[in-house]
Amino acid sequence: MPLKKTIQDALAHRRETHIPGISGLLGMYVVGIIVFFILSYTGSPADMRQYQFASEKGSVTALSAIFLAMTGAFSGVAYHFSKRRTGHNSIFWLVATVGFLFLSFDELMRMHELVGWLTEKTIGPPVLFRNWNDLLLVGYGVFAIATIFCFLPEILRNPYFAEILVVAFGFFALHTLVDSLMEPPTTNSFILEESAKLLCSASLSLAAFVGLLSVIGEHGLSDTP
């Protein structure tokens, strides 16, 4: 089926799909994250307010990993139900499950930083980037954008899903820009960079949950075997 027709069908299904209101959930996210930021800032040593934000052992990294794991879990459940729904591309949800669980593990284990460090020791610094770590982060973003284009119809058929993804990528872009341009980093830049990363992860988990609601609610659960 031509891509244009597939997208048109996806948008038609989007208009016909109704999910429970998410304003209450969104409010819980916003209030919870604001309180978390306040506690993380005040819970840092007075002479090092960026600690919970900048340290890999800090609370912001831990919560970011939790949100990414939630994104992978929601995507996994969506994959399970999407296989029983006509018109859905379950491969998208499988890719999302594996990808976000990997990113959650990467967030805790700092694998991209280790790979960047080993690459720089082996072949030297990159030409156009500050370090290989920055290049790997950009690579994650490029892979995500390519995935979106490959599975655009599946993304568009779920109400609010694409809009929340745009917000998440906005925060990812802010995180990457601050990390790449603020040199040397300051307390404010650390807090801004890591706050943007956390907001990106939170937005992704919200998007995956909304997508899950769309998948299981499109025709209800009564038609599942």
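Read the figures in this text as sums done on the coordinates, not as results from a lab. Predicted, not measured: the structure shown is a model, and the values here were computed from it. Here Cβ is always computed from backbone atoms with ideal geometry, including for glycine, and neighbour counts include all displayed protein chains.
GLU163 to THR42: FRET efficiency via 1/(1 + (r/R0)^6), r the Cβ-Cβ distance, R0 25 Å, to the nearest 0.05? If you can, show how the numbers build up before the last one.
Details: r = 33 Å, r/R0 = 1.31.
Calculated transfer efficiency: 0.15.
Quick check for the chain: number of Lys pairs with alpha-carbon distance under 26 Å, counting only pairs 8 or more apart or on different chains? Working shown, then result.
On the way: LYS4/LYS83; LYS5/LYS83; LYS57/LYS121; LYS57/LYS197.
So the count of such lysine pairs works out to 4.
Once the Cβ-Cβ distance of ARG15 and MET109 is raised to the sixth power relative to R0 = 30 Å, the FRET efficiency obtained is 0.10. Put in line by how crowded their Cβ is, counting other Cβ atoms within 10 Å and starting with the fewest, ARG157, ARG85 read ARG85, ARG157. Each residue, GLU56 and CYS150, gets one label point 7 Å from its Cα in the Cβ direction; the gap between the two is 2.8 nm. Cα-based radius of gyration for the chain, normalised by 2.2 N^0.38 Å, reads 1.11. Taking every C-alpha pair closer than 8 Å and separated by at least 6 residues, the mean separation divided by the residue count of the range 3-217 gives a relative contact order of 32 percent.
Between the range 181-205 and the range 1-80, what's the alpha-carbon centroid distance in Å? After rounding, the separation between the Cα centres reads 14 Å. If you wrap the Cα atoms of the range 1-113 in a convex hull and average its projected area over all directions, you get 9.8 nm².
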